[in-house]
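Encoded as structure tokens, the structure appears first; notes follow it.
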Amino acid sequence: VLADLRELQRRTGDNNGAQRVCWTEPWRGARAYLTELLAEIGLAPEIDEAGNLWSYLEGEREPALALGSHIDSVPDGGWLDGAYGVMAAVGVLRAWAQSGTRPPRTLAIVDFADEEGARFGRSLYGSSAVTGSLDAADLARAVDAEGRTAEDVLAENGVNLERAANSRSRLERIGAYLELHIEQGPVLEAEGAGLAAVTGCVGIERLRFEFTGQTGHAGTTPMPMRRDAGLAAATTALAVERIAVEEGGVGTAGRLDMSPGIVTAVPGGAGLAVDLRHSAAGSLARMLERAREAAGAAADGRNCELREEPVWRIDPVAFDAELVKAAAGVAGGRRLASGALHDAAAIARVRPAAMLFVPSIAGISHAREEDTAEADLRAGVIAFGEFAARVAAR
Ligand SMILES: [Zn+2]
């Protein structure tokens, strides 16, 4: 599996990192390599209506157990994000194919298209299509940095977006879904843990607060007479940090725009983008409520107006309790909630799903420095194979 991953990076990466952005030539090259690896064990790929790649190793029973992830990457991405899970799934099918015994149930491999949403800004495209939560009309209109529509780019890759939802029929043959992934954060490394069962993916509330005060001269407007929208936004950003800590979640004020945005003017306008995450729906709702209250109080305190714009949200998803237990059984009992989204979060809404994480060195991901110690990568693949064998035997 590690040799396959290195060969994939040699073919589709460069000095700046992985370049497997979905619907591009390197991505098609990655798919071609995956097809070669499947051919070596006598399997042919099937591409569904959304552009996801599936292949099946026949077992004693059905429904099948699906193993997978995504082979696409962000631009200048890491060599392991997604690819690790896809190549590990190939490894599991290969081990069974070469063992001379049929697996206890059919094993499916799936490479979901455009998990990253790097080109059109819509994450989890392929897995959302399969689970029926894709807004195909919205995606069709989305444009990339060169002004090309998703509809045209996908059509070049053989995908008719009007038919993408038909990929849902793939679920009929699938009983459960397992995914191996790198953590993409620093928690496991800090704890010295080599592996963890993922309990679910956090929910996200993403919104923008717009503060309106009064622009004024930095020299002539006395401090008590100001209506400083920038400070109202900055006060809210600090509150977001405090609320996240107190509620046991994470909160980020990742963007602050001030107008007029010059050093000699009191900001009359300020926009603050906020991203709140928690694995428990009730706590996430409380974080949102408290962030709104904090923004309201900050606006009132500086005699500013406040407007709120929704940006995006997703409910937390808990993975299947029995599968998480089985995952913990091969992961030394360590459990962790994922702060990032994965294809498994989409699939978990319609089928039992679970994930295993291996540590990320220094927590770095979506960058060429992304890496995991070789011993951890090996242990992860072996544990994933054991996990799949146990679940398939049920
Ligand atoms: Zn990923």
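Observations on the structure shown:
- Candidate residues Ile41, Ile262, Ile361: accessible-area rank, largest first, probe 1.4 Å: Ile262, Ile361, Ile41
- When the alpha carbon coordinates of the range 106-146 are projected onto the principal axes, the ranges are 42, 18, 11 Å, largest first.
- Environment charge of Ala164, counting only residues whose C-beta is closer than 13 Å and scoring Lys/Arg +1, Asp/Glu -1: -3
- Radius of gyration and maximum dimension Dmax of the range 18-137, Cα, Å: 14.4, 46
- Here the label points at Arg208 and Glu36, each 7 Å from Cα along the C-beta direction, are separated by 4.5 nm in the simple model.
- Which of His217, His181 is most accessible, then next, and so on - probe 1.4 Å: His217, His181
- Environment charge at Arg286 (Cβ cut-off 14 Å; Lys +1, Arg +1, Asp -1, Glu -1): -1
- Relative contact order %, the chain, counting alpha carbon pairs below 8 Å whose residues are six or more apart: 21 percent
- Pairwise Cα inverse-distance average, inverted: Kirkwood Rh of the chain (Å): 22.4 Å
- Cα gyration tensor, the range 344-383 - rounded (a/c under 1.5), prolate or oblate: oblate
- When the alpha-carbon atoms of the range 217-266 are used, the pair Rg, Dmax equals 14.1, 43 angstrom.
- Extension reserve of the Glu289-Ile361 stretch, reckoned as 0.36 nm per residue once the Cα distance is removed: 22.4 nm
- Computed over Cα pairs, the Kirkwood radius of the range 150-235 leads via Stokes-Einstein (0.692 mPa s, 37 °C) to a diffusion coefficient of 163 µm² per second.
- Per residue, the Cα convex hull of the range 72-192 amounts to 156 Å³.
- For the range 268-334, a/c is not less than 1.5, where a ≥ b ≥ c are the root eigenvalues of the C-alpha gyration tensor, and a/b tops b/c. That puts it in the prolate class.
- Relative to the longest principal axis of the Cα atoms of the chain, the long axis of helix 229-247 makes an angle of roughly 40 degrees.
- Rounded to 5, the percent of DSSP beta bridges in the chain classed as antiparallel: 70 percent
- Solvent exposure ordering (accessible area, 1.4 Å, most first) of Arg102, Arg227, Arg302: Arg102, Arg302, Arg227
- Rounded percent of accessible protein surface that carbon and sulfur make up, the chain, 1.4 Å probe: 51 percent
- Measuring with a 1.4 angstrom probe and ignoring ligands and nucleic acids, Trp312 comes out at about 110 Å² accessible.
- To the nearest ten degrees, helix 321-330 and the longest principal axis of the Cα atoms of the chain are 70 degrees apart.
- Neighbour net charge for Ala344 - beta-carbon separation under 12 angstrom, K R +1, D E -1: -2
- Helix 374-392 axis, angle to the chain major axis (alpha carbon atoms, nearest 10°): 70 degrees
The values are calculated or read from the model by the stated rules, or taken from the named source; none is laboratory data. Everything numeric in this text was worked out from a predicted model, so none of it was measured. Backbone-built Cβ (ideal geometry, glycine too); neighbour counts: all protein chains shown. Heavy atoms of the whole protein, side chains included, go into the accessibility calculation; ligands, DNA and RNA do not. Shrake-Rupley method; radii C 1.70, N 1.55, O 1.52, S 1.80 Å.
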